[in-house]
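K.L.:
Would you mind keeping the following structure in view while I ask a few things?
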Amino acid sequence: MTVLVLGATGLTGSQVVRGLLERAEVRRVVAPVRRETGLSHTKLDQPLVDFDAMDSQAELFAVDAIICCLGTTIKKAGSQEQFRKVDYGYSLKAAELGRLAGARALILMSAVGTSATSSIFYNRVKGELEEAVRGLGYPYLSIYHPGLLLGQRQEQRTAEALGIKAMPLLNRLLLGPLEPYRGIEAATVARAMVNEVCELAVNADRASGQQDWTHRDICRLAGD
């Protein structure tokens, strides 16, 4: 199987790439990036891409499956408009190009609490993206809805850092219907995504339908 990973330099995406490279089910990993990452592997292809002109490199998206972990923050993006451009625009364009090129599976990182009608901008953009990709006709679509992602980021996110410190206590209180809001290690999400796409490679007959995963599902897929 050939798998393309969007967001390959991010907290979760970088671990997805490394995980895929270790799996015999994966023949090739395509990880479009803006800049060189320094990671090298015989199965890894890291083409430099202008995400504003992905159409010009549409051949990169001729893969079996796409794992999209692309995402930013409003603070890092600089504005709501730029945030939407990355989280919605780039992700959707990549998914469209993949489907047009014959990709049969899409695994998308979203977030808990998303809705296209949410009054919260972040949740609304994520929800609108989910609705858009559901209409692309992927034979297999899997959408992840994790809570706060835990792990060591390259950049500082003050609000998230405070949340991460509080999560061990909060997780004990998030029970029953609140369980999906538990914080979760990015490494756990990455393992789940790698396991899922490799299962599709082995059992192609199961590669159909639409899945929505929350905290407990993700932990199960990761083998935790």
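The values are calculated or read from the model by the stated rules, or taken from the named source; none is laboratory data. Treat the numbers as computed from the prediction; the structure is a model and nothing was measured. Positions of Cβ are generated from backbone atoms using ideal geometry, with glycine treated the same way; all protein chains shown enter the neighbour counts.
K.L.:
Scan the range 2-34 residue by residue and report those that are part of a loop (DSSP other than H, G, I, E, B) and not small (Gly, Ala, Ser).
P.N.:
Once the filter is applied, which keeps residues that are part of a loop (DSSP other than H, G, I, E, B) and not small (Gly, Ala, Ser), the range 2-34 yields 9, 22, 23, 25, 26, 27, 32, 34.
K.L.:
Now for a separate question. So the check is Cβ under 7 Å with 6+ separation or different chains; which pairs have a first residue in the range 190-205 that's free of Cβ contacts under 8 Å to residues at least 40 places away in the same chain and a second one that's crowded, with 19+ Cβ neighbours inside 10 Å?
P.N.:
So the pair list comes out as 195/221; 195/222.
K.L.:
Determine the pairs where a residue that is in contact (Cβ under 8 Å) with a residue 24 or more places away in the chain, located within the range 32-47, has a partner that is exposed (fewer than 10 other Cβ atoms within 10 Å of the Cβ) with Cβ atoms under 9 Å apart, the partner being 6 or more residues away or on another chain.
P.N.:
46/36; 46/40
K.L.:
Just to be sure I understand, how many residues within the range 199-224 are surrounded by fewer than 15 Cβ atoms within 10 Å (Cβ to Cβ), part of a strand (DSSP E or B) and of a type in the set (A, V, I, L, M, F, W, C)?
P.N.:
Result for the range 199-224: 0.
K.L.:
Could I ask something else about it? Could you list all residues from the range 43-76 that are touching a Lys or Arg at 6+ places or on another chain (Cβ under 7 Å) and farther than 17 Å from residue 5 by Cβ?
P.N.:
Result: 73, single match.
K.L.:
Could I ask something else about it? From the set of residues in the range 35-49 that are at pLDDT 95 or above and outside any strand (DSSP E or B), which is surrounded by the most Cβ atoms within 10 Å (Cβ to Cβ)?
P.N.:
Step by step, filter the range 35-49, then rank; the result is 46.
K.L.:
While we're here: Does the range 165-173 contain any residue that is part of a helix (DSSP H, G or I) and either at pLDDT 95 or above or among the polar types (S, T, N, Q) (or both)?
P.N.:
yes
K.L.:
Out of 132, 111, 103, I need the residue that is in contact with a Pro (Cβ under 9 Å, 6 or more places away or on another chain) and either among the small types (Gly, Ala, Ser) or modelled with pLDDT of 95 or more (or both). Which one?
P.N.:
111
K.L.:
I've got another one for you. With respect to residue 219, determine if the residue is at pLDDT 75 or above and over 27 Å from residue 131 (Cβ atoms).
P.N.:
no
K.L.:
Would you mind telling me which numbered condition in (1) aliphatic (A, V, I, L, M); (2) surrounded by fewer than 22 Cβ atoms within 10 Å (Cβ to Cβ); (3) in contact with a Leu (Cβ under 9 Å, 6 or more places away or on another chain) residue 31 fails?
P.N.:
Of the numbered conditions (1) aliphatic (A, V, I, L, M); (2) surrounded by fewer than 22 Cβ atoms within 10 Å (Cβ to Cβ); (3) in contact with a Leu (Cβ under 9 Å, 6 or more places away or on another chain), the odd one out for residue 31 is (2).
K.L.:
Which one of these does residue 206 not meet: (1) within 17 Å of the chain's Cα centre (by Cα); (2) closer than 18 Å to residue 66 by Cβ; (3) modelled with pLDDT under 70; (4) of a type outside the set (Asp, Glu)?
P.N.:
Among (1) within 17 Å of the chain's Cα centre (by Cα); (2) closer than 18 Å to residue 66 by Cβ; (3) modelled with pLDDT under 70; (4) of a type outside the set (Asp, Glu), the lone unmet condition for residue 206 is (1).
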